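The values are calculated or read from the model by the stated rules, or taken from the named source; none is laboratory data. These figures come from a predicted structure and were not determined experimentally. Glycine also receives a Cβ, built like all others from the backbone with ideal geometry; neighbour counts cover every protein chain displayed.
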């Protein structure tokens, strides 16, 4: 079973002066054995990916599902340069797994791949 990666909401455009103005975000090491899943609470999610290995490229795969038009196109072993970053906006339609539930499924090469999911 995939390890659940919790979304991290960020502060909105209008935050009262009495509250914390900026959100503190934490990158999480990917589970290279069991994969990771993200429950897209709003149906849209920004996933930020970091390769913390400064010597070697690493990869990440995002598994898709058929959209209403029957299209399916996984992002397969997307290479991330040593020390590099990637970002992608996912929507439930076309990315949630076959049983629905707005679950995005991600696979990585190693724990050097760090993940952050932000609901949008």
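Here's a check for you: in region 49-70, which residue that is in a loop (DSSP other than H, G, I, E, B) and modelled with pLDDT of 95 or more is nearest to residue 117 (Cα to Cα)? If you could, list the steps in order and put the result at the bottom.
Taking region 49-70 first, the residues in a loop (DSSP other than H, G, I, E, B) are 52-57, 64-70.
Then keep just the ones that are modelled with pLDDT of 95 or more; that gives 52-57.
Working: 52: 17, 53: 20, 54: 22, 55: 25, 56: 23, 57: 21 Å.
Once the filter is applied, the top-ranked residue is 52.
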Matching residues, region 53-79, being surrounded by 17 or more Cβ atoms within 10 Å (Cβ to Cβ) and over 15 Å from residue 36 (Cβ atoms): 53, 64, 65
Meets criteria (over 17 Å from residue 116 (Cα atoms), assigned to a strand (DSSP E or B) and in contact with a strand residue (DSSP E or B) (Cβ under 7 Å, 6 or more places away or on another chain)) for residue 77: yes
Matching residues in region 80-113 - criterion: being in a strand (DSSP E or B) and within 16 Å of residue 29 (Cα to Cα): 80, 85, 86, 87, 105, 106, 107, 108, 113
Here is a list: 120, 48. Which entry is touching a strand residue (DSSP E or B) at 6+ places or on another chain (Cβ under 7 Å), over 25 Å from residue 1 (Cβ atoms) and touching a residue at least 24 places away in the same chain (Cβ under 8 Å)? 120
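Could we say that residue 37 is assigned to a strand (DSSP E or B) and closer than 21 Å to residue 89 by Cβ here? Working first, answer last.
Details: assigned to a strand (DSSP E or B): yes; closer than 21 Å to residue 89 by Cβ: yes.
In short, yes.
For region 1-29, enumerate the residues that are out of contact with any strand residue (DSSP E or B) (no Cβ under 8 Å at 6 or more places or on another chain), surrounded by 10 or more Cβ atoms within 10 Å (Cβ to Cβ) and over 20 Å from residue 85 (Cα atoms). Quick ask: steps written out before the conclusion?
If we filter region 1-29 for residues that are out of contact with any strand residue (DSSP E or B) (no Cβ under 8 Å at 6 or more places or on another chain), which is where we start, we get 1, 11-24.
Next cut, surrounded by 10 or more Cβ atoms within 10 Å (Cβ to Cβ) only: 11, 15, 23.
Those that are out of contact with any strand residue (DSSP E or B) (no Cβ under 8 Å at 6 or more places or on another chain), surrounded by 10 or more Cβ atoms within 10 Å (Cβ to Cβ) and over 20 Å from residue 85 (Cα atoms): 11, 15.
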Taking into account only those residues within region 89-109 that are exposed (fewer than 15 other Cβ atoms within 10 Å of the Cβ) and in contact (Cβ under 8 Å) with a residue 12 or more places away in the chain, which is nearest to residue 4 (Cα to Cα)? 101
